[in-house]
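The structure appears right after this line, and notes come after that.
Read the figures in this text as sums done on the coordinates, not as results from a lab. Because the structure is a prediction, the values reported are computed rather than measured. Positions of Cβ are backbone-derived with ideal geometry, glycine not excepted, and every protein chain shown enters the neighbour counts.
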Amino acid sequence: MGIRRLEHFNIRTERLEATLDFYTRVLLLRDGPRPGNPPRATGAWLYDADDVPVVHVTAFDRNDAQRLAWINDYLGPRDPDSLQGSGAIDHVALLAEGYEDTIARCQALGVPYRERLVAALDLRQIFVTDPNGISIELNYR
């Protein structure tokens with residue numbers, strides 16, 4: 001039980017096209033499908049040579065209050081002005097095992113958590129925040 005591997009990291013950006021250009025042209029990742037989402041409507045998933053979506057990009061426009069509200073509800077609130085440098089890393093996702101054990105451990109330790117079901121991927125998730133304020137997404141397949 002526990003963590004199996006790093007799954008992806010997520011970047012929250014106002015510069016979607018420049019971000020995609022960098023990761024596809026410089027790092028040779030491939031812009032690919034995002035289950036349940038229209039292509040590039042709200043971001044992108046970038047795939048490695050093994051066809052694994054290792055970088056997720058969430059696009060926002062600070063002038064789009066509805067979109068910002070949705071992102072802040074879905075991923076957690078962030079000040080758009082803080083999204084520079086490593087502050088643009090929204091979360092780190094880990095493949096994990098032992099969903100119920102993790103819930104029980106968080107409860108026993110008093111660690112706040114959020115649960116989410118992503119039906120399109122048959123995926124259960126737990127979100128926790130580390131002492132540095134880094135959001136950790138735990139994925140249970």
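As I understand it, the value is the acute angle between the Cα axis of helix 16-25 and the longest principal axis of the Cα atoms of the chain; what does it come to in degrees, rounded to 10?
90
At q = 0.10, 0.12, 0.16, 0.17 Å⁻¹, what base-10 log of I(q)/I(0) does the Debye formula yield for the chain when every alpha carbon is treated as an equal point scatterer in vacuo?
At q = 0.10, 0.12, 0.16, 0.17 Å⁻¹ the computed log10 ratios are -0.35, -0.51, -0.91, -1.03.
Just to confirm the number: angle between the C-alpha axis of helix 99-109 and the first principal axis of the chain, 0 to 90 degrees, nearest 10?
In the chain, helix 99-109 runs at an angle near 70 degrees to the longest axis.
Angle between the Cα long axis of helix 65-75 and the longest principal axis of the chain, 0 to 90 degrees, nearest 10?
Taking Cα atoms only, the helix is inclined about 40 degrees.
Quickly estimate the mean residue ellipticity at 222 nm for the chain, helices only: each DSSP H run with n ≥ 4 gives -39500 (n - 2.57), and the total goes over all residues, rounded to 500. Numbers along the way, then the final one.
Details: 3 runs with 32 residues, N = 141.
About -7000 deg cm²/dmol.
Arrange the peptides 87-95, 128-136 so that the one whose residues have, on average, the most other Cβ atoms within 10 Å appears first.
87-95, 128-136
For the chain, give me the percentage of DSSP beta bridges that are antiparallel, rounded to the nearest 5 percent.
Expressed as a percentage, antiparallel bridges in the chain total about 75.
Evaluate the relative contact order of segment 24-141 (contact order divided by residue number), counting alpha-carbon pairs under 8 angstrom at least 6 apart; express in whole percent.
Value for segment 24-141: 17 percent.
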